[in-house]
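Remarks on the structure that follows.
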């Protein structure tokens with residue numbers, strides 16, 4: 001007798017964006033990726049992804065995406081270590097919903113501005129946030145639909161109509177694929193901390209610490225190195241042989257381990273081939 005196997009359909013990740021513009025090379029804290037959507041908002045999916053990305057409780061995130069406002073991160077050990085997450089909604093419908101984060105310094109500036117001008121914190125936060133953005137982006141935000149020419153857009157994107165919301169993102173997310181240079185010159189693409197952790201055989205907590213703080217992490221005799229450039233993580237994995245060479249440079253030349261790994265990498269023709277491919281394909 002044959003067993004009939006029930007086909008199990010995998011849940012697809014929600015499609016949150018169909019317009020993405022990269023400004024991550026700009027000076028921090030204005031280095032953002034502009035992620036916009038012309039189709040109707042999938043509120044549960046949107047709230048779930050943003051909540052997970054920014055450590056905001058799901059119920060609170062749903063409320064923010066519905067009515068706007070700010071979420072101030074709680075104190076840790078009596079100290080504020082993070083700023084705030086904000087969702088700005090234009091009650092007149094003249095501009096799309098917008099979400100963004102402020103770091104600790106920006107948050108302090110927004111609080112001072114709100115007190116000085118008797119403004120709601122969300123308005124002060126938006127003003128502080130926009131000050132840091134690239135001039136090109138500032139101009140686009142004053143134009144309808146970011147000034148995009150809908151005649152040149154993909155038909156599937158254009159048929160959605162006006163942009164419904166914009167997320168100004170900086171996080172390592174399943175929606176943004178990152179390239180990691182491997183010791184054998186492969187460029188492997190991962191999206192999200194869980195997938196990155198699985199690739200390298202480390203815990204999600206270790207992956208989170210590495211891509212948020214930078215530095216190195218030993219893995220099975222090899223080493224993962226992450227450099228934060230304009231707030232964005234750039235990751236490479238070095239073989240045990242190259243790691244040994246780098247440690248020798250640290251001992252003999254007094255180099256920092258990251259500088260030593262960079263020097264070893266640039267002198268390794270295999271890894272240099274990977275870097276060349278990355279440049280040619282425009283990978284980050």
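The values are calculated or read from the model by the stated rules, or taken from the named source; none is laboratory data. All values reported here derive from a predicted model rather than from experimental measurement. Backbone-built Cβ (ideal geometry, glycine too); neighbour counts: all protein chains shown.
Going through region 233-273 one residue at a time, which ones are assigned to a loop (DSSP other than H, G, I, E, B) and free of Cβ contacts under 8 Å to residues at least 12 places away in the same chain?
Of everything in region 233-273, those that are assigned to a loop (DSSP other than H, G, I, E, B) and free of Cβ contacts under 8 Å to residues at least 12 places away in the same chain turn out to be 254, 255, 256, 267.
Considering every residue within region 28-48, establish whether at least one is more than 24 Å from residue 163 (Cα to Cα) and modelled with pLDDT under 95.
Scanning region 28-48 turns up at least one residue that is more than 24 Å from residue 163 (Cα to Cα) and modelled with pLDDT under 95.
Among the residues of region 180-232, which ones are modelled with pLDDT under 85, surrounded by 19 or more Cβ atoms within 10 Å (Cβ to Cβ) and not in a helix (DSSP H, G or I)?
190, 192, 232
Is it the case that residue 65 is at pLDDT 95 or above and in contact with a strand residue (DSSP E or B) (Cβ under 9 Å, 6 or more places away or on another chain)?
It is true that residue 65 is at pLDDT 95 or above and in contact with a strand residue (DSSP E or B) (Cβ under 9 Å, 6 or more places away or on another chain).
Are any residues in region 142-151 touching a helix residue (DSSP H, G or I) at 6+ places or on another chain (Cβ under 9 Å) and without any contact (Cβ under 8 Å) to a residue 12 or more places away in the chain, and if so, which ones?
147, 150, 151
Are any residues in region 90-119 out of contact with any helix residue (DSSP H, G or I) (no Cβ under 7 Å at 6 or more places or on another chain) and assigned to a loop (DSSP other than H, G, I, E, B), and if so, which ones?
Those that are out of contact with any helix residue (DSSP H, G or I) (no Cβ under 7 Å at 6 or more places or on another chain) and assigned to a loop (DSSP other than H, G, I, E, B): 90, 91, 92, 93, 94, 95, 96, 103, 118.
To keep it simple, each residue is scored yes or no on (1) closer than 26 Å to residue 134 by Cα; (2) in contact with a strand residue (DSSP E or B) (Cβ under 9 Å, 6 or more places away or on another chain); (3) surrounded by fewer than 19 Cβ atoms within 10 Å (Cβ to Cβ).
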| site | (1), (2), (3) |
| --- | --- |
| 33 | yes, yes, no |
| 40 | no, no, yes |
| 47 | no, no, no |
| 72 | yes, yes, yes |
| 86 | yes, yes, no |
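Looking only at residues in region 21-31 that are surrounded by 19 or more Cβ atoms within 10 Å (Cβ to Cβ) and touching a helix residue (DSSP H, G or I) at 6+ places or on another chain (Cβ under 9 Å), which one is nearest to residue 144 (Cα to Cα)?
Top of the filtered list is 30.
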